[in-house]
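The values are calculated or read from the model by the stated rules, or taken from the named source; none is laboratory data. These numbers were taken from a predicted model, which means no experiment stands behind them. Positions of Cβ are backbone-derived with ideal geometry, glycine not excepted, and every protein chain shown enters the neighbour counts.
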Amino acid sequence: MRTRLLPPLLAALTLGLAPFAPEPHVVGKLRWVAGGAVGMAPMDWFDLLLHGAPWVWLAFALGLEIFRRGEPATRPGWRGWALGAALLLAALCVSVAILR
């Protein structure tokens, strides 16, 4: 594993899943959204954004790693952004389907 993946991975596993008991906070928020988001206040949406941001960062970093094998470090191209967005969307769809 490259060292560029370590910070987003640590952020996703700590901040993205905190608090850990009784279930990760982001899981509860995703269940709420999957159930129709009835009664969600702006604070709840902001909380989902904060707990989801490390996962977005991790998806983006994975996208960059997949498309940049052997290339020199430069600014991220559209392929890295596109793959990061696609990975995030796929993970969101799978998590909503599982949590229903």
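Here is how the numbers come out for the structure above:
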read-out: Filter result for the condition that a residue is assigned to a helix (DSSP H, G or I) and modelled with pLDDT of 80 or more, over 89, 30; value: 30
read-out: Subset of the range 9-31 [under 19 Å from residue 59 (Cα atoms) and either of a type in the set (A, V, I, L, M, F, W, C) or touching a strand residue (DSSP E or B) at 6+ places or on another chain (Cβ under 7 Å) (or both)]; value: 9, 10, 11, 12, 13, 15, 17, 18, 26, 27, 30
read-out: Count - residues of the range 2-52 that are of a type in the set (Gly, Ala, Ser), closer than 28 Å to residue 66 by Cβ and loosely packed, with under 15 Cβ neighbours inside 10 Å; value: 1
read-out: Out of 52, 39, sole residue that is touching a helix residue (DSSP H, G or I) at 6+ places or on another chain (Cβ under 9 Å), outside any helix (DSSP H, G or I) and modelled with pLDDT of 85 or more; value: 39
read-out: Condition check for residue 73: modelled with pLDDT of 70 or more and either exposed (fewer than 15 other Cβ atoms within 10 Å of the Cβ) or touching a strand residue (DSSP E or B) at 6+ places or on another chain (Cβ under 8 Å) (or both); value: no
